[in-house]
Amino acid sequence: MSPKFSALLILIILEKAGSSVTPVVTFNPNWDKIFLYESLTMTCNVRSPIPADMSYTWYKDNNQIHTWQSSVIERATTYNSGNYRCKGTNTEISDSVRLDVINDYLILQSPLYVHEGDNVTLRCHYHPGYSEGQTIFYKDDTVIRHLGSDPELNIYNISLAGSKEYKCTKKLPHFEYSGEASIPMKELFATPEIKVTPFPVMEGDNVTVTCHTNVSPYRPETELQFSFYKAEQNVQRFGSSDQYGFQSAKLENSGKYYCEVSGRMIVKRSKELNIEINELFTQSEIIMTPNEMIEGENMTLTCHTERSQLIPDTGLEFAFYRDGQNVQEFSLSNQYEVQSAETKHSGSYSCKVRSSTKKITRSSKELYIQIQGVFQGGIQNMIRLILSGLLLITCFLFIFYHIKFIKSLEPASKGPTSP
């Protein structure tokens, strides 16, 4: 690699790192090939607004050639063939563009930039001053238009798929000449990618789903339409916005999403993105300690839930209810205590948990609690004692009679035998 080329490469890399606008090289007339001695104008186009003091630099085959925005090639020679690039002040360097100056009788010309969906004109161009003759056009060596006097072929809505190799011939009374062209088509816009913010998504978040794509820098004026789908169902019809969103995300918003982009009769679909709405905290459960309550004892109710491991410091508040009536307002404590419980404290208890920052609330199932009176509790304890005693006596009797039964089955002792 020559020192000159190395210096140029370093310059390009440095300039790319600090700039964002990429100029585009255009030709007028818009053909990628011209004949010897024909003329052509090359222009370095920068998106507006263009600073008044903008300066330009051109390169041919990586060698700096001049500093004008436009350059006119008059009476082109084969020396003018090459790869051209340009840049402006504080811009990136353009993509390389190839110009071929041909010393022949016939060339097949195509536009400099061809994008999917374009209506393209190919010109079977005979050297000026020679008879035009009859023209035949081919694609992959198959005739697609037979003899005719029109030197141009119109291709409508050209596709990225299939071959891009074309050829034309001109028949004269005693000669036949041919020219070939390969059309390097460009994407009008890239296959879209669907993205979600924030990530990960927690319930209660305001969610934005973006359908991201890049329009070809050679067609920045292309207007695109975007649509969004969830589980194959359309959730936002085609429109100019590349975003779809929902406020205060719920668990049912989870699902597989994708988007489509449409422009100039071309539709492209993104891959699916599985968007999962994560719980801030689990369903609450009310727990009583001790398990049974007798009048006069202290009762503690706990509202149990588990925070998401994604946000373990989620601030939560708790409230308690008896028979649907609030008995403890929302607070940071997940416990409700009753000192010296009375029978009037019996009832159906439940609790609610809510996020301190988001509008997420969950209610537990009801738990019926019966506070037993002291007398009632004493009778119940006595009944339990009697039942336990009866059960113990029953076990002893069963064992006794079982042993007696086994002994009754043993054979009696035999005495001495008579003579």
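The values are calculated or read from the model by the stated rules, or taken from the named source; none is laboratory data. As the structure is a computational prediction, the values presented were derived from the model and not from experiment. A quick note on method: Cβ atoms are made from the backbone with ideal geometry, for glycine too, and the neighbour counts reach across all protein chains shown. We work out accessible area using only protein heavy atoms, side chains counted, and drop any ligands, DNA or RNA first. Shrake-Rupley method; radii C 1.70, N 1.55, O 1.52, S 1.80 Å.
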Quick check on region 213-262: take the gyration tensor over C-alpha atoms, sort the square-rooted eigenvalues as a ≥ b ≥ c, and tell me if it's rounded (a/c under 1.5), prolate or oblate.
prolate
Looking at region 100-204, which chymotrypsin sites (Phe, Trp or Tyr not before Pro) are in a loop (DSSP not H, G, I, E or B) and have at most 16 other Cβ atoms within 10 Å?
TYR105, TYR130, TYR156, PHE175
Based on the alpha-carbon gyration tensor of region 262-374 and its eigenvalue square roots a ≥ b ≥ c, which shape applies: rounded if a/c is under 1.5, prolate if not and a/b is larger than b/c, or oblate?
prolate
Note the angle between two axes, namely the Cα long axis of helix 374-408 and the longest principal axis of the Cα atoms of the chain, as a number of degrees from 0 to 90, rounded to the nearest 10.
80
How much of the accessible area of the chain, probe 1.4 Å, is carbon plus sulfur, in whole percent?
53
Potential lengthening between TYR105 and GLN64 on full extension [0.36 nm per residue; Cα-Cα distance subtracted]
11.6 nm
Under 28 Å from LYS358, Cα to Cα: lysines that are on another chain or at least 8 residues apart:
LYS195, LYS230, LYS250, LYS256
Accessible area per residue of the chain at 1.4 Å probe, in Å²?
60
What FRET efficiency do you get for THR208 and GLN283 if R0 is 30 Å and r is their Cβ-Cβ distance, rounded to the nearest 0.05?
0.60
Quick calc: nm separation of the 7 Å Cα→Cβ label points for ARG264 and SER363 -> 5.9
May I ask you to compute the full-extension gain from ILE311 to LEU392, defined as 0.36 nm times their residue separation minus their alpha-carbon distance, rounded to one decimal in nm?
23.6 nm
Value of [θ]222 nm, deg cm²/dmol, for the chain, DSSP H segments ≥ 4, -39500 (n - 2.57) each, nearest 500
-4000 deg cm²/dmol
Largest-first ranking of ARG307, ARG123, ARG362 by accessible area, probe 1.4 Å, whole protein assembly kept, is ARG307, ARG123, ARG362
Grab the beta carbon distance between SER149 and ASN119, set R0 = 30 Å, and tell me the FRET efficiency rounded to 0.05.
0.90
Under Karplus coefficients 6.51, -1.76 and 1.60, residue-wise ³J(HN,Hα) of region 272-280 in Hz, glycine/proline x:
6, 10, 7, 9, 10, 8, 8, 5, 6
Taking 0.36 nm per residue of separation and subtracting the Cα-Cα distance, what length does fully extending ASP140 through ALA190 add?
15.3 nm
Tell me whether the chain comes out rounded, prolate or oblate; compute the Cα gyration tensor, take square roots of the eigenvalues as a ≥ b ≥ c, and use a/c under 1.5 as the rounded threshold.
prolate
Would you grab the residues whose amide H sits under 5 Å from the one on ILE371? Only those 5+ places off in sequence or on another chain, please, with H modelled 1.01 Å from N.
SER346, GLY347
Compute the angle between helix 3-17 and the longest alpha-carbon principal axis of the chain, please, reported from 0 to 90 degrees and rounded to the nearest 10.
50
